[in-house]
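None of the figures in this text is laboratory data; all of them are computed from the coordinates on show. A quick note: this is a predicted structure, and the numbers were derived from the prediction, not measured. Here the Cβ positions follow ideal geometry from the backbone for every residue, glycine too, while neighbour counts run over all protein chains shown.
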Amino acid sequence: MSRLVVGPFNRVEGDLEVRIEVEDGRVSEAWVVSPLYRGFEQIMLGKDPFDSLVIVPRICGICSVSQSVAAAHALRQAQGIQAPPNGELATNLMLACENLADHLTHFYLFFMPDFARPVYADEPWYEAVAARFRAGSGSAAGELLQARAQLLHLMGLLAGKWPHSLSLQPGGSTRAVQAQERIRLTMILAGFRRFLETRLFGDALEAMVALDGVAALEAWSEAAPRGEGDLRGFLRLVRDLRLDRLGCAVDRFMSYGNYPRAGRPLFASGLWRDGDLGALDVEAIAEDLSHAFVLGGSRPQHPSAGNTLPVAEKPGAYTWCKAPRLDGQVVEVGALARQVVDGQPLIRDLVGRTGGNVASRVIARLIESARILMAMETWARALEPGEPFCAASPLPEECEGAGLVEAARGSLGHWLRVRNGRILNYQIVAPTTWNFSPRDQHGAPGPLEQALVGAEARDGERTPVAVQHIVRSFDPCMVCTVH
């Protein structure tokens, strides 16, 4: 048996360290460490509640809109107001734009470059993959960045700037859209559709969303020459490297639901476990502090009653990340969880056959990308220039609220409590807090810690490539994890 400390990881937002034990060439145990404490929850104390709209987006530049929307939703619940239809549509467009950009950035810039590493130099597909995805010189990066830059013009029209946009408010958006700007929005989305259909999929978005199972995906993959669309190239790697058997975790999936319109979300909320979908009880969420450098008792608490008081030395602690649990159980969040909970046929079939793994997480992100863009086209056409985009209402001196949204990486929750017009408590549970959580008081490892068990560690590898594939399949955002 040998022990390795893997990290710091490149192409990961923030700081991450993974400690593993290797036995007979496989990972036998893993501990995931978030080594940097940031303390935004402490910064919020005593502030004007509306300051949260300025402060919490600074938690992370890569998913700042998600933080803004969660803060706005917490204030909205505390105020008891409803955004007008235009405000709801504009908010959905901004959040979807960021999530879509994140999904494609992850695939092209964070995940795929690992297959251009020299360890794969003897594979028959290596030269083509390296030419396309090698970090710094692959052809895909330039194409993606150009398309992404054009997509983010949508943020300029709707929010003024990105990241750390300030148009998002509890009552909707302060940035009204004019008729000519609505035309520009549709043109921006049409341009990004062309990128997805020509470079990523090699097929129409509608055809991708219509795939209803693994057999349909395999038939689609073989129906065109290899190299026609980057997804087909990835599916070849899945077959050759058995990525559908790598990185299996708990197969319990949670989603808060996302993109509400007239009381109904585009992606449903729920909990998927043991092959069944059930209702999500958010009151069953509790944060376990037993292995985190955070002061607290032995009993896990709901975030609305929790605290984040750092303590640098604590017996048994090894990370600054808390261990959120749902009804005492480990759950996975992210695009895979959203699509399983929502009932997307292909993703349900993938999980039914091989569970949550590296391949299914990546495929879920790409299928979700097609679904998001199609919804964005509908939302942009539904905007009504001249109608209200934002509602206003005073905030009670004493109130509380929760903002639950789905960021690109999964379920994000903000819990706000106000007393005497000031923030008494503010707690955040980010997606990577769920997925990269440590062991809890019962010794149950978090999702990534479980997913790493069984990964191959080749002779001489100090940073096993299989470990890197698994870590990146979750698309971690460590600065959000330790907010």
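Brief remarks on what is shown
- Computed from the C-alpha gyration tensor, the three semi-axes of the ellipsoid equivalent to the chain are 33, 30, 19 Å, from longest to shortest.
- Comparing CYS60, VAL482, ASN435 along the charge dipole axis of the chain, the residue lying farthest to the positive side is CYS60, per the Cβ-charge model.
- Residues with amide H under 5 Å from that of GLU384, placed H, sequence gap 5 or more: none
- Cα-centre dipole for region 2-481 with unit charges at Cβ (Lys and Arg positive, Asp and Glu negative), debye to 20: 820
- GLN150 versus GLU206: modelled label distance in nm, points set 7 Å from Cα along the beta carbon direction: 2.1
- Neighbourhood net charge (12 Å Cβ-Cβ; Lys/Arg +1, Asp/Glu -1) for GLY443: -3
- Amide H contacts of GLU332: ARG252, PHE253, MET254, each under 5 Å away and 5 or more positions distant or on a separate chain (H built 1.01 Å from N in the peptide plane; Pro and chain starts excluded).
- Using R0 = 25 Å, the C-beta based FRET efficiency linking TRP125 and GLU29 works out to 0.15.
- Inter-probe distance in nm under a simple model that places probes 7 Å from Cα toward Cβ, at ALA190 and GLU398: 5.6
- Span-rule helices in the chain, defined as complete DSSP H runs reaching 20 Å or more along the axis (Cα) with Kyte mean at least 0.0: 64-79, 85-105, 179-195, 358-382
- In the chain, helices alone account for a calculated mean residue ellipticity at 222 nm of -11500 deg cm²/dmol, with every DSSP H run of four or more residues adding -39,500 (n - 2.57).
- For SER290, residues with placed amide H under 5 Å, excluding near neighbours: GLN441
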